[in-house]
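A quick write-up on the structure given underneath.
The values are calculated or read from the model by the stated rules, or taken from the named source; none is laboratory data. These figures come from a predicted structure and were not determined experimentally. Cβ placement follows ideal geometry from the backbone for every residue including glycine, while neighbour counts extend to all protein chains displayed. Heads up: the accessible areas ignore ligands, DNA and RNA and are worked out on the full protein's heavy atoms, side chains in. Shrake-Rupley method; radii C 1.70, N 1.55, O 1.52, S 1.80 Å.
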Amino acid sequence: MNDSFRQISNLILAPMMWVCSSLGFIFPSARSPADMSDANTSLLVPSGIAFSIWLPIFALCITYGVIQALPKNKTRDIFRIIGPWSAAGFFGVCLWGIVNAFAPITPTFDWAQWGTAIIFVPTMLLLVKAMLLVTDHKEKLLGLERYAAYGGLSMIAGWCSIAVFLNWTPQMVGMMTGAGMGMQIANIVMLSLALLWAVFIIRKSGANRVYAFPIIWGLAFVVLKRATVEPMQMMVLVAAAIGIAVLITTSVIRPKAAL
């Protein structure tokens with residue numbers, strides 16, 4: 001990727017993620033992410049306050065976009081390595097926000113739900129790739145660079161890693177319950193898949209705790225919601241609590257190669 005194009009892409013797309021996620025505040029007819037969350041019937045939707053984590057994520061990613069766009073960083077290897085992946089991931093988040101806001105929902109097909117679910121898969125994979133690369137090369141970053149690049153990319157990759165499963169849960173749970181599986185069990189199956197992915201990536205990243213934090217954060221608010229909203233759905237509450245313990249343990253015990 002051309003250096004100038006890479007720098008401009010990250011510089012513009014990082015704040016555009018925030019804009020595209022806020023289209024509901026700009027256009028009266030647009031849906032907001034909160035509208036989509038409220039319409040999600042999954043038992044894994046966390047309390048609304050959990051989504052406040054986007055604020056530090058956006059702030060760190062925007063700071064990263066500015067830092068990598070500085071003239072002195074145009075040809076630095078670290079930004080050449082991670083820049084194309086982060087820009088592509090940021091573009092995916094922007095596209096997700098646009099589809100969420102404007103894709104039609106008809107009585108026969110929910111274009112918004114399916115569109116966002118499909119877009120989120122490659123978006124999450126791109127951001128995870130960027131996170132793995134910046135984790136491998138974080139020693140090349142100093143001071144604010146490390147907080148912005150390593151911290152921002154790790155947090156957005158972590159949050160998207162759990163959000164992608166949440167986005168797919170209504171469709172998959174609908175299929176499982178249609179086949180006779182109980183609602184709580186179907187949601188626990190989706191939670192288990194999310195945890196398997198998270199544990200795999202945490203281990204692959206040498207126990208990147210910044211990546212793990214947003215996932216633990218989200219599950220903590222799943223526990224809170226299931227404990228405070230009727231019906232309680234105790235099986236899901238316990239499964240989410242166990243998931244938190246598993247993720248913390250996985251994050252604390254570093255792979256031998258990372259010691």
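Mind checking which residues of region 226-242 are part of a helix (DSSP H, G or I), under 17 Å from Gly48 (Cα atoms) and open to solvent by 90 Å² or more (accessible area, probe 1.4 Å)? Residue satisfying the conditions is Thr228 alone.
Matching residues to (1) polar (S, T, N, Q); (2) modelled with pLDDT of 95 or more; (3) in a helix (DSSP H, G or I); (4) buried (at least 18 other Cβ atoms within 10 Å of the Cβ):
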position: Ala112; (1), (2), (3), (4): no, no, yes, yes
position: Thr123; (1), (2), (3), (4): yes, yes, yes, yes
position: Leu133; (1), (2), (3), (4): no, yes, yes, yes
position: Gly152; (1), (2), (3), (4): no, yes, yes, yes
position: Met155; (1), (2), (3), (4): no, yes, yes, yes
position: Thr177; (1), (2), (3), (4): yes, no, yes, no
position: Trp197; (1), (2), (3), (4): no, yes, yes, no
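Buried (at least 24 other Cβ atoms within 10 Å of the Cβ) and either modelled with pLDDT of 95 or more or of a type in the set (S, T, N, Q) (or both), is that true of Gly92?
Working: buried (at least 24 other Cβ atoms within 10 Å of the Cβ): no; either modelled with pLDDT of 95 or more or of a type in the set (S, T, N, Q) (or both): yes.
Against the criterion (buried (at least 24 other Cβ atoms within 10 Å of the Cβ) and either modelled with pLDDT of 95 or more or of a type in the set (S, T, N, Q) (or both)), Gly92 does not qualify.
All of Arg146, Arg203 fail the test of being open to solvent by 70 Å² or more (accessible area, probe 1.4 Å), part of a helix (DSSP H, G or I), at pLDDT 90 or above and under 24 Å from Leu55 (Cα atoms), apart from Arg146. Tell me, please, whether a residue that is open to solvent by 10 Å² or more (accessible area, probe 1.4 Å) and in contact with a Phe, Trp or Tyr (Cβ under 8 Å, 6 or more places away or on another chain) can be found in region 67-87. Within region 67-87, none of the residues are open to solvent by 10 Å² or more (accessible area, probe 1.4 Å) and in contact with a Phe, Trp or Tyr (Cβ under 8 Å, 6 or more places away or on another chain). The selection criterion, being touching a residue at least 60 places away in the same chain (Cβ under 8 Å), under 21 Å from Ile244 (Cα atoms), open to solvent by less than 40 Å² (accessible area, probe 1.4 Å) and out of contact with any strand residue (DSSP E or B) (no Cβ under 9 Å at 6 or more places or on another chain), holds for Thr169. Taking first residues from region 134-146 that are under 17 Å from Gly206 (Cα atoms) and without any contact (Cβ under 8 Å) to a residue 40 or more places away in the chain and partners that are hydrophobic (A, V, I, L, M, F, W, C) and open to solvent by less than 50 Å² (accessible area, probe 1.4 Å), no Cβ contact under 7 Å between residues at least 6 apart in sequence or on separate chains turns up.
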